[in-house]
Each structure stands twice: as C-alpha cells, then as structure tokens.
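What follows draws every value from the coordinates through simple rules; no lab data is involved. Fair warning: this is a prediction, and the values are worked out from it, not measured in the lab. Backbone-built Cβ (ideal geometry, glycine too); neighbour counts: all protein chains shown.
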Amino acid sequence: MTIRVLIVDDQAMVREGFAVLLGAQPDIEVAGEAVDGQQAVAKVRELRPDVVLMDIRMPNLNGLEATRRIVAAHPDAKVLVLTTFDLDEYVYQALRAGASGFLLKDASAQQLAEGVRIVAAGEALLAPTVTKRLIGAFARSPVGAAGEALPPGTRLGELTERETEVLNLVARGLSNAEIAAELVVAESTIRTHVSRVLDKLGLRDRTQAAVYAYESRLVTPAS
C-alpha cells in the first residue's frame, strides 16, 4: 500500500529536498506540496493525503493553526510536524492541536521515511530529544504546560490497573514492542490495551494519550 504525503513548508528547497528523499521510497508517494498553512488546508481537502508533513513557522497561516483546522475537518488526518531545537515552545501546542508526532528537521532520509510510515500506521512519533523537552515543560508547570483543562469526557478512573500501567509506559515513549517486553506479554495484547485506553479516554492517538498522562498527573517527570 502506497503512503501519500503532502509536504508543507514555505521554503522551496526544503520541499524539494523532502520530495526527493520520500519519492525515492518504493512505498511512499509525494501527493503534493503547499507553501503555507492556508494552502495546506485546501490541499488536504483536495488530495486527501495519508500523512501531512507540516512545518510550523510559515506566513499567512502557521503550522499550528493549519493542523487544528485539518484535524477538525478530517479527524483521520495524520500530521507529522517538523521541528528544530529553537521551536520547543510550540511542541505542546501542536500536540494539543492534533499532531500525531514530531520529527527533527535534521533527520536522515531513513528516519524521515520511517517516521512517515509510523504515523501512517496510526502510531505516534516523538523524537527522543523532543520527548525530553516536552516532559521538561510539564516539570516546570504545576497544571500542565499550557494550564489548560483536560480534554472533555476523559475519565482516568475507568481504566483497569493494567491499562493504567500501559498508559504510563506509553507516556514515557515506549513502543508496543518495548511495553510488551517490559510487562512480559504478547505485543498483540498491548495493542488491545492501547486501543481500549484511547477509547475509554476519548483520545485520538498515542500522542494525545501521552499528553493526557502528564496533564492528569498520572505520570510526573520525576516519577
């Protein structure tokens, strides 16, 4: 199955570079490009890509607002945000906007392609360095990085003890395989637990689950 990608960046050289790298992959097709958030919203409506590779700082409409609009209009849309070390302040906001994950702009061709595959498959992707800084943001704030209320309809008490344990490990960035090894169970069992956690808490994906775990103080940076 071919993964169709929309590349969104205001720099032509960046778009062209990503297009060449992704176009060389046998299972990835570059469906189109957009120069800003406004064009991205229109292109998603027109092309219905599997993954949107989204820059944050762009003219007219930035990547954060574009992500919000895309996810609101297309709940199944997968947005992979590109970030650099000087964009830390946007990480939390983009997660709340509905981004499925982050990738650093200096990622290798292999990391970029694999990141697209991971997000297309419905998994969350957080670069380890981004995850550490995200956790740090919660460490500095007593009520969450933005002081916002928890998503409506989320009830931590509905989770079983095992589901709570799985959510804790998801928030720490572990993959299904790593969680399975940690808990000494089959990976398929972990997939089932994760699915139930998302359903019970009314969350979109693993990335939102990780944010929720920190916002609810189920997980704290020091724990």
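Taking 16 Å as the cut-off, the amide N atoms of region 41-80 that come nearer than this to a point 7 Å along the Cα-to-beta-carbon line of residue 14 belong to 41, 52-67, 80. Annotation: peptides 194-205, 21-32, ranked by per-residue average of other Cβ atoms within 10 Å with the highest first, follow the order 194-205, 21-32. In this structure the amide hydrogen of residue 30, modeled in the peptide plane, comes within under 5 Å of the amide hydrogens of 5, none closer than 5 places in sequence on its chain. A Förster radius of 45 Å combined with the Cβ-Cβ distance from residue 108 to residue 186 puts the calculated FRET efficiency at roughly 0.90.
The magnitude of the dipole of region 3-137, with charges of +1 and -1 set on the Cβ of Lys/Arg and Asp/Glu and taken from the Cα centre, is near 340 debye.
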